[in-house]
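Chemist: Starting off with a structure, shown below.
The values are calculated or read from the model by the stated rules, or taken from the named source; none is laboratory data. The structure displayed is predicted, hence computed values, not measured ones. Glycine gets a Cβ as well: all are built from the backbone with ideal geometry, and neighbour counts include every protein chain shown. Surface areas here come from the heavy atoms of the whole protein model, side chains and all, with no ligands, DNA or RNA. Shrake-Rupley method; radii C 1.70, N 1.55, O 1.52, S 1.80 Å.
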Amino acid sequence: MLPLVNLAAIVRAAEPDLAGVTDMTAGLKPIDAAERAARLVRAQALMRRNGIGAVLIEPGSSMIYFTGVLWRRSERLTAAIIPVEGEPCIVTPFFEEPSVRETLAVPAEVRVWQEDQNPLAVVAGFLRDRKLAGRPIGIEETARFFAFDGLARALGEAKLVSANPVVRGCRMIKTPAELALMQAATDVTIAAYRWVHPRVEKGMTGSEIGALMTAATRRLGGDAEFSMALIGEASAYPHGSREVHRVADGQVVLMDCGCTVQGYQSDVSRTWVHGTANTAQRKLWEQVAEGQRIAFAAARIGAPAGSVDDAVRAQYAKWGYGPGYKLPGLSHRTGHGIGMDGHEPVNLVHGEVTPLAAGMCFSDEPGIYIPGQYGVRLEDCFYMTADGPRWFSTPPASIDAPV
């Protein structure tokens, strides 16, 4: 990794060109009160269907999704409790209440605890007051063990269960408002790629290219999440290596980049060769492009998510890759869910039986990697409609026109 001062110098040198890059996100409609209210209605319907009395959520994307509260996890518990009926409750330290209320976007009760109190006892008190303590309580899957264990102790005989039927049941199905924000994030990333690609020069490192991508993304209105550029042999390893590689003629350049717009993410990968690609590089690129098309065609309403991965892997095996996840070949899943988090349930991976449904969103990234040489990954995300999948970004036409 180059010193930060060097990366800053790279960005400063690009400032004259960035002057013409403008914010693409101005005027976007945010998630509004009606949308959040509908989420709670949906969550409570799923609770009734699954026999769950309430759901406990710690800070993170699910708390933002349901309540708007933008908070951080620490040893001091802040939690949202969504009951099967009525308004949610936010439990937070007494001295944090004013700050928590700043982003609270739904009608909710707020209960506080003092430093010498047990916050899970406060959660249990809310559940008892709502006459829910005797019903199964759902725990959001990322909640920490101390919250699970503390609530179990505070409630005694209460049954704690997975909240996945409720939280996943809501978050996996994106609404038009969510899809619009994901489309905006993708548009920013594609525009940033188009600005960066012609500015990649011989001798640049991956860190320098990434710094340009981050600068362009921010100027275009996105919050840069990651801007990875892998050069040469590093492209054979999906998340790169510690070695510093520099752009040279005939070298593969693989970029994997994404940003957030109003809380919703993009994830796009592009691969090209600096200078002129040789026959083997072109063949590998075309095979990966075909893998993307196979995955897209296999994504049909009602199909198990894992069948998309299986379809790609079957073709790759015919070409001599693998088998399965072995190298040379595709060593990772074909795709992952995406939304407020860059990686969300469920994955396009062998064995995943969740049926595809309208509103689900996935990456499509069936790369092929040859250890010690190079790799190719093309990644575009799509969303499911009643008529099948639709791209957020159009896959590139060729290795010579990657963006």
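Chemist: Kindly provide the set of residues from the range 378-403 that are in a strand (DSSP E or B) and surrounded by fewer than 19 Cβ atoms within 10 Å (Cβ to Cβ), ordered by number.
Modeler: THR385, GLY388, ARG390, TRP391, SER398, ALA401
Chemist: Might you let me know whether the range 202-216 holds any residue that is open to solvent by 10 Å² or more (accessible area, probe 1.4 Å), closer than 27 Å to GLN251 by Cα and of a type in the set (Ser, Thr, Tyr)?
Modeler: Yes, the conditions are met somewhere in the range 202-216.
Chemist: How many residues, within the range 307-333, are assigned to a helix (DSSP H, G or I) and in contact with a strand residue (DSSP E or B) (Cβ under 7 Å, 6 or more places away or on another chain)?
Modeler: Here the count works out to 3.
Chemist: Same structure again: Suppose we filter GLY240, GLY232, GLY221, GLY258 for residues that are farther than 24 Å from LEU330 by Cβ and either of a type outside the set (D, E, K, R) or open to solvent by 30 Å² or more (accessible area, probe 1.4 Å) (or both); which single one remains?
Modeler: Sole residue among the options that is farther than 24 Å from LEU330 by Cβ and either of a type outside the set (D, E, K, R) or open to solvent by 30 Å² or more (accessible area, probe 1.4 Å) (or both): GLY221.
Chemist: Taking the criterion of being basic (Lys, Arg), open to solvent by 10 Å² or more (accessible area, probe 1.4 Å) and farther than 23 Å from PRO16 by Cα, would at least one residue in the range 265-275 satisfy it?
Modeler: Scanning the range 265-275, I find no residue that is basic (Lys, Arg), open to solvent by 10 Å² or more (accessible area, probe 1.4 Å) and farther than 23 Å from PRO16 by Cα, so the answer is no.
Chemist: Something else now. So which residues in the range 294-324 are without any contact (Cβ under 8 Å) to a residue 12 or more places away in the chain and of a type outside the set (Gly, Ala, Ser)?
Modeler: LYS318, PRO323
Chemist: Of the numbered conditions (1) in contact (Cβ under 8 Å) with a residue 60 or more places away in the chain; (2) of a type in the set (Gly, Ala, Ser); (3) touching a Ser or Thr at 6+ places or on another chain (Cβ under 7 Å), ALA224 satisfies every one except a single condition; which is it?
Modeler: Result: ALA224 passes all but (1).
Chemist: Counting just the residues of the range 350-377 that are part of a loop (DSSP other than H, G, I, E, B) and among the polar types (S, T, N, Q), which one comes out most open to solvent (accessible area, probe 1.4 Å)?
Modeler: Out of the qualifying residues, it is GLN373.
Chemist: Is it the case, given these coordinates, that VAL167 is more than 30 Å from ALA401 (Cβ to Cβ), touching a strand residue (DSSP E or B) at 6+ places or on another chain (Cβ under 8 Å) and crowded, with 22+ Cβ neighbours inside 10 Å?
Modeler: Yes.
Chemist: Could you tell me whether ALA152 is part of a helix (DSSP H, G or I) and either surrounded by fewer than 18 Cβ atoms within 10 Å (Cβ to Cβ) or among the acidic types (Asp, Glu) (or both)?
Modeler: Taking the combined requirement at face value, the residue satisfies it.
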